[in-house]
Amino acid sequence: MTEEFEPKIIAFLCKWCSSAGSDLAGVSRMEYPPNVVPIQVMCSGSISPLYIFSAFNRGADGVLVSGCHPGDCHYIKGNLYARRRLALVKKLLEHLGLEPQRFRMSWVSAAEGQKYTQVIKDLVRDLKPLGPQTKLRRNV
Amino acid sequence: MKKTGVFICHCGINIAGTVDVKKVARELSQQPGVALAEDYVYMCSDPGQNLIAQAIKDKGLDSVVVACCSPTLHETTFRNASQRAGLNAFRCEIANIREQCSWVHKDMSKATPKAAQIIKSTVKRVQKNEELEPISVPVTRRAMVIGGGIAGIQASLDLANSGYEVILVEKSPSLGGHMIQLSETFPTLDCSQCILTPKMVEASKHPKIKLMTYSEVQDVTGYVGNFKVKILKKPTYVDPAKCNLCDECSKVCPIVVPNEFDLGLTGRRAIYLPFPQAIPASYCLDDKNCPSLFPVACGKCYHVCKPKAINYDLKPEIIEEEVGAIIVATGYDLYDKEKMAEYGLGRYPDVLDGLQFERMCSASGPTQGKILRPSDQQEPQEVVFIQCSGSRDPELHCAYCSKICCMYTAKQAMLYKHHVHDGQAYIFYIDIRSGGKNYEEFVQRAVEEDGVLYLRGKVSKVFQEGDKLKVWGADTLSGKKIEIDADMVVLAMAMRPAQGAQELAKKLKLALDKDGFLAEAHPKLRPVESVTAGMFLAGAAQAPKDIPEAVAQASGAACKAITILSQDRLYHSPTVAKAVKNLCTGCGMCVAVCPYDAIALKDGKVEVNEVLCEGCGTCQATCLRAAIQVKNLTQHQLHEMILASLGG
Amino acid sequence: MVKLEDLKEEARRLLKEGKVKYIIAYERNPLDGRAVPAFLRKPEDADRIAWDPTCVHNLVRFLVDEKRRKAKEKNPDTRPVGVVVKGCDSRALVILLQEKFIERKDVHILGLSCEKTGVADERKLAKRLKGKKAVRVEFGPEDNFTVTTQDGAVTVPAAEVLAGRCLECIANFPVVSDLLLGEKTKRTVANAFASVEPLESLPPEEKWKFWQEQFRKCIRCYACRSVCPMCYCDECVADTINFAVTADTPAEEKAQKIKWVEKSPLDSENIFYHLVRAIHLAGRCIDCGECERACPVNIPLRQLNKKMEKEAKVLFGYEVGFDPDKPALISCFRDEDPQDFIR
């Protein structure tokens, strides 16, 4: 019997909302799958498209970027630049034929531990049937 | 080779219950550049901190990762511990393996490798961390307050009484704002001028306050603690030191224009005293209306002025000042008259706005406190007050509640009854909002003692018929149509941001909300701060508010300003953006995205103002060529972290 | 119709009066009759100027090289450089102005309208001529090209041999110029993004199959980058980035670079490179089509860039290369930017 596929996911979380939201999920002892390695950044606006390409290139099966809801950004509007920039990244990756499920963005506030948990659960659930991401993975 | 120390906390069983800390420590100790990896039951305890400090000294560690709870909890603890042991605080980073790992997983075989990856990624980051020291800048220990109404006066007095110099800038010729126009104030009915003039005098005589009336802020540059401002001082053509208020000039002046102070209910001359208690107490020549300033010389006032206070040759001056903090208290104006055409404001002489009615009730007003119809100078027997004229009407007018109208309408109806005992006052209202100390009792008094008749509903139309004003409305409680033959109608007009406040906000780079009021940094927790560091908000410029609220916010803003002015130097986190000039082509994309105006182009290359930069990194993601990087979270570091997080 | 004599006249005048440092234009290659870039320095050089449907090159690219050269000179000649531009090329210039790479005063723009046609796609033309060699291609009559081979002249409807980009052109005359020759005829393009639609409609796996085949061909010669006027970075992030070193940077770190992409032409690295190029050109590429033309292995690069151009328009209402005072696509946002893809 083959073991169930466990996707490797990188989640870029903004410090002020999404990382705090995931901390809240922890404090509330909400359980979610351990497939995600979080990387805390200051703002979703600081996520360069290169990070996302690089994560897929280095073998991520999925990438999540999570920031503050519009209007709540600690830096006023960083998340709104991110929204535009990452919409283009998503369209580009999909134009290439990458499964749309693999790159995801979410707004998670510091109070939304429950939502963060759900975002991770859904992402893992959606990625499992896709199997490993090999399209952009470095094949050396 | 790097010498990184990794310290893994058990947090009792909080971490160790789900993460095999020993195994993680063994794995991490094998990582390149890791000099040691140790675990301990409570890393944040004194023995735990000592363990780290000892290892820094003994092993000569050049960087430290503490794998424990969220950095929001103990980052400062461990950075301080590192600093004490001689390691730069910014060479210590936290790997969150509790909230983001052990607490959300149950299976140790899965939580353990995840914790290891989080730590490895943090190790990669810390190995590229720069040694940083907090940025410090000197502070100019004086403030500027913009707006000379009650909020601006209060803020200035609080600052001055705390020992700081204040430049108080007011665009009109006198201090006082709208409050000085009011008759009596709710809920105590004390005379507005009686309580305000002492404060105006105090502000004008205060040795720490430099009063600049008839002046406008032209330009502001710099940053918190170090603003440079340019103020345009318009000439009044009358030397206040010489003017003895004899009124001879005004008597001979041939030009009559509507008097702003009485909202057009009276006229004034081109040379005039703004109002009897004006501060500075001096006449002022209105250069938009005076013929002497044009080639055709009239010169009448000049000739009658015995103290020779008048000088037509004065020119506007630009005065430059340096301040450390700015308080914006630009106040409000009433909603545009033209927009309330359905109620006949501006069309029928006996339809007044709230401020005009205030002037009429004022003992120093156009009727010496008598309530008389402007059309025939008769006492009105039936007066209709209409609340929410322009407020709470998202379709046609302002969506917001102007907040003070319920109270001042009750007061005005009450004052009317005190003047005209046998008259009848009607108030059309949507809701009565009387939250505030003694406010509800005040409204009850208007109804019970003064017999004011409240009608719940909206007025559809006001029109003149003979010498009466027909008011058509609906009483939504009884469902009946109401028609009143009124002698006078008073509109409680919506409050909107003061004329010119929007342009000023642009100069100060302050954000506005959707209604044009100045936006606060946080609606609940930072209500007197603007989004720009070092600039604070007070009074109705931020949102409609009554006098006690404006005064409270002004004192709050003054106190916030003092948190800056009381420092010799300001300290700022050093994790800010830095330019990589050899890669920059000067395209300016980062300049455009920076929320803090912290980036500028100089000689075609990017330059970061470290004091303004908050380190968000939006510039870093926008730059196509890695020419701007946030210290200790560079693209290089992110690259390594991504690799480590994916296991190699 | 553009009167070539007018262009020559103006070029002659500019050079004679010393108003420009030199002029970048087209001339005919005597060997095959096709246009090549020409650098005119003397008034008599103006006689060599050519304008015909083989003027495919985006000459704005040469302004990038000019700027580099000038930066190194001690006492540079500060006169503007003259450059001949088509509609698409002029929009590339707008981007360089927008990004402050070129200053308006440093360039004298000689604009030519493509009117209702455009430039020819060499491959389509060869196919149409069935192996015969064109010695001369000319505009007209009307919306046709006149193609001369050794067998004589034939009239070919332009639409049959127009370059793909011209079929989707939204600016057939220059949007910025000092002199504009030819008519400002508005040409309506039914669907400016028609070429990306077939691929868009495919399911992910088939899209992927398509691209995998394309990118497998890439030999990483970087012709696409070399010919692109927007690829003016000194160091391409898709290669490596050298960070400035400070006094306390240890030796081992000095040697380190971010290596986002491997240089070897592996499938994954080829894709990474083209992804980076596409995202960096989003909101900047004006579809001059030069990358695709220059590609020696025929990778349909316009499919990537056009897709980004389309999304900029559809998602954000952003049109590229018309207004040098507008912020870049990714350095602005609208409150109503779509966010239905965000949870």
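Each value in this text was obtained by applying a stated rule to the coordinates, not by laboratory testing. These figures come from a predicted structure and were not determined experimentally. Note: ideal-geometry Cβ built from the backbone for every residue, glycine included; neighbour counts use all protein chains shown.
Looking at (1) more than 14 Å from chain A (Cβ to nearest Cβ); (2) crowded, with 18+ Cβ neighbours inside 10 Å; (3) in contact with a strand residue (DSSP E or B) (Cβ under 8 Å, 6 or more places away or on another chain), which is the only condition B:V531 fails?
Here B:V531 clears every test but (1).
Among the residues of the stretch C:19-70, which ones are of a type in the set (K, R), under 25 Å from C:C231 (Cα atoms) and touching a helix residue (DSSP H, G or I) at 6+ places or on another chain (Cβ under 9 Å)?
Hits for the stretch C:19-70 are C:K21, C:R61, C:K67, C:K70.
Residues of the stretch C:260-282 being part of a loop (DSSP other than H, G, I, E, B), facing another protein chain (nearest Cβ under 8 Å) and not aliphatic (A, V, I, L, M), which ones?
Within the stretch C:260-282, C:W260, C:E262 qualify.
Please go through the stretch B:65-78 and pick out each residue that is more than 14 Å from chain A (Cβ to nearest Cβ) and closer than 18 Å to B:K22 by Cα.
Scanning the stretch B:65-78 gives a single hit, B:V66.
Counting only residues that are surrounded by fewer than 21 Cβ atoms within 10 Å (Cβ to Cβ), give me the strands (runs of 3 or more DSSP E) lying completely in the stretch B:427-524 with at least 2 of them.
Strands (runs of 3 or more DSSP E) meeting the threshold: B:453-456, B:459-465, B:468-475, B:480-486, B:520-522.
Sort out for me the strands (runs of 3 or more DSSP E) sitting completely within the stretch B:4-95 that have 3 or more residues that are in contact (Cβ under 8 Å) with a residue 60 or more places away in the chain.
B:4-9, B:63-68
Inspect all residues belonging to the stretch C:194-202 and state whether any of them is part of a loop (DSSP other than H, G, I, E, B) and within 14 Å of another protein chain (Cβ to nearest Cβ).
The answer is yes, given that some residue of the stretch C:194-202 is part of a loop (DSSP other than H, G, I, E, B) and within 14 Å of another protein chain (Cβ to nearest Cβ).
Which members of the stretch A:1-25 meet the condition of being facing another protein chain (nearest Cβ under 9 Å), crowded, with 23+ Cβ neighbours inside 10 Å and of a type outside the set (A, V, I, L, M, F, W, C)?
A:S19, A:S22, A:D23
This table checks each residue for (1) charged (D, E, K, R); (2) away from every other protein chain (no Cβ under 14 Å); (3) surrounded by fewer than 19 Cβ atoms within 10 Å (Cβ to Cβ); (4) in contact with an Asp or Glu (Cβ under 9 Å, 6 or more places away or on another chain).
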residue	(1), (2), (3), (4)
B:C101	no, no, no, no
B:K106	yes, no, yes, yes
B:K110	yes, no, yes, yes
B:T122	no, no, no, yes
B:E130	yes, no, yes, yes
B:P134	no, yes, yes, no
B:V139	no, yes, no, yes
B:M144	no, yes, no, yes
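Go through the residues of the stretch B:422-438 one by one and say whether even a single one is of a type in the set (F, W, Y) and under 22 Å from B:M179 (Cβ atoms).
No: the stretch B:422-438 contains no residue that is of a type in the set (F, W, Y) and under 22 Å from B:M179 (Cβ atoms).
If you scan the stretch C:301-338, which residues turn out to be closer than 16 Å to C:M230 by Cα, part of a helix (DSSP H, G or I) and aliphatic (A, V, I, L, M)?
The answer is C:L304, C:M308, C:L329, C:I330.
Being assigned to a loop (DSSP other than H, G, I, E, B) and in contact with a helix residue (DSSP H, G or I) (Cβ under 9 Å, 6 or more places away or on another chain) is the filter here; which residues of the stretch B:215-242 pass it?
Those that are assigned to a loop (DSSP other than H, G, I, E, B) and in contact with a helix residue (DSSP H, G or I) (Cβ under 9 Å, 6 or more places away or on another chain): B:V224, B:G225, B:Y237.
Within the stretch C:36-44, is even one residue surrounded by 17 or more Cβ atoms within 10 Å (Cβ to Cβ) and farther than 20 Å from C:R284 by Cβ?
Among the residues of the stretch C:36-44, at least one is surrounded by 17 or more Cβ atoms within 10 Å (Cβ to Cβ) and farther than 20 Å from C:R284 by Cβ, which makes the answer yes.
Are there helices (runs of 4 or more DSSP H) fully within the stretch A:38-140 with at least 1 residues that are without any contact (Cβ under 8 Å) to a residue 60 or more places away in the chain and more than 10 Å from chain B (Cβ to nearest Cβ)? List them.
A:78-96, A:113-127
Take the stretch B:625-648 and flag every residue that is more than 9 Å from chain A (Cβ to nearest Cβ) and farther than 16 Å from C:W260 by Cβ.
Answer for the stretch B:625-648, where residues must be more than 9 Å from chain A (Cβ to nearest Cβ) and farther than 16 Å from C:W260 by Cβ: B:I628, B:K631, B:N632.
Looking for something within 14 Å of chain C (Cβ to nearest Cβ), among the small types (G, A, S), in contact with a Gly (Cβ under 8 Å, 6 or more places away or on another chain) and surrounded by fewer than 20 Cβ atoms within 10 Å (Cβ to Cβ) - is there at least one such residue anywhere in the stretch B:566-577?
no
Output the residues belonging to the stretch B:78-87 that are among the polar types (S, T, N, Q) and more than 28 Å from B:K114 (Cα to Cα).
Matches in the stretch B:78-87: B:Q83 only.
Name every residue in the stretch C:1-44 that is part of a loop (DSSP other than H, G, I, E, B), in contact (Cβ under 8 Å) with a residue 60 or more places away in the chain and under 16 Å from C:P80 (Cβ atoms), in order of residue number.
Correct list: C:G18, C:K19, C:V20, C:K21, C:Y22.
Could you figure out which of (1) under 24 Å from B:G267 (Cα atoms); (2) in contact with a helix residue (DSSP H, G or I) (Cβ under 7 Å, 6 or more places away or on another chain) isn't true of B:M360?
If we test B:M360 against (1) under 24 Å from B:G267 (Cα atoms); (2) in contact with a helix residue (DSSP H, G or I) (Cβ under 7 Å, 6 or more places away or on another chain), just (2) comes out false.
I'm trying to understand the selection: among the residues of the stretch C:287-302, which are under 14 Å from C:A163 (Cα atoms), within 14 Å of chain A (Cβ to nearest Cβ) and in contact with a helix residue (DSSP H, G or I) (Cβ under 6 Å, 6 or more places away or on another chain)?
Correct list: C:L301, C:R302.
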